[in-house]
Amino acid sequence: MKRIHYSWIILIIAFFSITVAGIVRSSSGVLIVPFENDFGWERSTISFAFAISLLLYGLSGPFMAALIEVIGLKKMMILAMTTLLVGVLLTFFMVEPWQLVLIWGIIIGLGSGLFLTILSPYIANKWFEKKRGLALGILTASTATGQLILLPVLAMIVETHSWKWAMALILILSVIMLAIILLFMKNSPKDLGILPYGLEEESQVVRIDQKKNPIRIAFHTLFEAVKVKEFWLLAGSFFICGLSTSGLIGTHFISYCIGFGFAAVTAASMLSLMGVFDLIGTTLSGWLSDRFDNRWLLFWYYSLRGASLLFLPFALSEGSITLLIIFSVFYGLDWIATVPPTVNISRQIFGLEKSVVVYGWIFAAHQLGAAVAAGGAGTIYKVFNSYSWAFTLAGMFCLLASLFVIVIKKERVESNSNSHVVN
């Protein structure tokens, strides 16, 4: 019987690590109303704390990528999961708004940074030579799947018991995941004396100097990347990607549905449905990204996402659960399908080794967009007593993003010449 290559074991560990981190981060979607009721805080204040979290975990991405090269993957995953555990524990003791900002904005923001930013492309690049796109698609899918799949369970626990019972479940899952990382995670294939999956002989690869300060590595890579037009096009489109997914849908979708008379559990179930179909859509996107022009994949992803966001206010105003299910399935298929093509284009332009740090900066733009949407939508709700304008604007921005990605020059993407690789 043929042994399973350990790269797939690493993929499974990373998949569930990202899933748990996603559950921690996305639980904010079911906590807004309970925090309002229990603490008497304004929705805009709560949204601000969650916006800080989205921004901080995005900005930490390139530094996480550089730090992995210095202290190793396993230690980084242990440190990040422990930080999440501390944040979850401290949530039980908070009583003031500034504590919410500290715990959810900073501690949980930093703790989720590694898992929800660069872990997927890092493992795909380091542990896989063949089926890299598929591996990336599976890992990327876990980012949204974790953020969405357990939301109905959390919402039910909140409604039948309290938000503290929901946080207790999250705490248990985090402890289990930390134990698995401690026991089975490895830094690289070399730790086991094997080669990445699909690589038949070892090749000479130029690596980042591990003696360098990770902050210098991150900023040096950024200074080189900003000289390339494609970096700005990818970062701009990813800003809109973050704005329209975790920033808007992930944070405010449940509250938006409640405003139209839908139950919180029903709304959370729609998010869970999105998570199921995201697993399908993003895995398929990884497979497609190995076979088709990644620019056109992104063009269609952003165009269809924009159309679906423009459709959502109509579906809610009709009060139709059928229309809401149609939206959830369609949007779920497209939730993070943008990541595999974006990572592929980044790798083709900037090279294998530097692309993870570059993608970390591109993802920082993603989370900047998410933070803008999370905080901005709360402000729009406060002014208009409705989220409809926020979702309509997000749909229009997605249509704009489809134009950004198609401007990328095909010959530059295909050539992968040294003149376009960050040195």
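Details
- Rounded to 10°, Cα long-axis angle of helix 28-39 versus longest principal axis of the chain: 40 degrees
- Local electrostatic count, Thr379, Cβ distance below 13 Å [Lys/Arg +1, Asp/Glu -1]: +1
- For the chain, a Gaussian network of Cα nodes joined below 10 Å ranks Val153, Val276, Val30 by mean-square fluctuation, and the top entry is Val153.
- Region 281-328-region 98-171 distance, computed between alpha-carbon centres (Å): 21 Å
- Near Ala390, once Lys and Arg are set to +1 and Asp and Glu to -1 for all other residues with Cβ below 14 Å from its Cβ, the sum equals +2.
- Apportionment of accessible area to carbon and sulfur, the chain, percent (1.4 Å): 68 percent
- Where labels lie 7 Å past Cα in the beta-carbon direction, separation of Tyr6 and Leu352 in nm: 1.9 nm
- The helix-based estimate of mean residue ellipticity at 222 nm for the chain, built from -39,500 (n - 2.57) per DSSP H run of four or more residues and divided by its residue count, is -25000 deg cm²/dmol to the nearest 500.
- Inverse of mean 1/r across different Cα pairs in the chain, Kirkwood, Å: 21.3 Å
- In order through region 163-170: 3J(HN,Hα) via Karplus (6.51 cos²θ - 1.76 cosθ + 1.60), integer Hz, x for Gly, Pro: 5, 5, 5, 5, 5, 5, 4, 4
- Largest-first ordering by accessible area, 1.4 Å probe, given options Thr392, Thr379, Thr342: Thr379, Thr392, Thr342
- Extension gain, Ile325 to Lys227, is 30.9 nm, computed as 0.36 nm per intervening residue step minus the present C-alpha separation.
- Note on Trp165/Glu200: beta-carbon distance plugged into 1/(1 + (r/R0)^6) with R0 of 41 Å gives a FRET efficiency of 0.20.
- Full-stretch length increase - Ile106, Met94 - with 0.36 nm per residue and alpha-carbon distance subtracted: 2.9 nm
- Over the chain, Cα pairs under 8 Å with separation of 6+ residues give a relative contact order of 27 percent.
- Ranked order, His220, His161 - accessible area, probe 1.4 Å, largest first: His161, His220
- Long-range HN-HN contacts of Phe128 with modeled amide H, under 5 Å: Tyr197
- Ranking by accessible area, most exposed first, for Arg305, Arg291, Arg3 with a 1.4 Å probe: Arg3, Arg291, Arg305
- A simple count of charges around Glu36, restricted to other residues whose Cβ falls under 9 Å of its Cβ and scoring Lys, Arg +1 and Asp, Glu -1, yields -1.
- Longest DSSP-loop-exposure-free segment, chymotrypsin sites (Phe, Trp or Tyr not before Pro), the chain, at most 13 other Cβ within 10 Å: 94-291
- Three-way shape label, region 325-378, alpha-carbon gyration tensor, a/c 1.5: oblate
- Out-of-range pairs (alpha-carbon distance over 32 Å; input Lys131/Lys229; Lys190/Lys229; Lys75/Lys382; Lys229/Lys382; Lys382/Lys409; Lys190/Lys227): Lys190/Lys229; Lys75/Lys382; Lys229/Lys382; Lys382/Lys409; Lys190/Lys227
The values are calculated or read from the model by the stated rules, or taken from the named source; none is laboratory data. In this text, all values refer to a predicted model and were calculated from it rather than measured experimentally. So basically every Cβ, Gly included, is an ideal-geometry build from the backbone, and we count neighbours across all protein chains shown. Quick note on the areas: whole protein, heavy atoms, side chains included, nothing else; ligands and nucleic acids left out. Shrake-Rupley method; radii C 1.70, N 1.55, O 1.52, S 1.80 Å.
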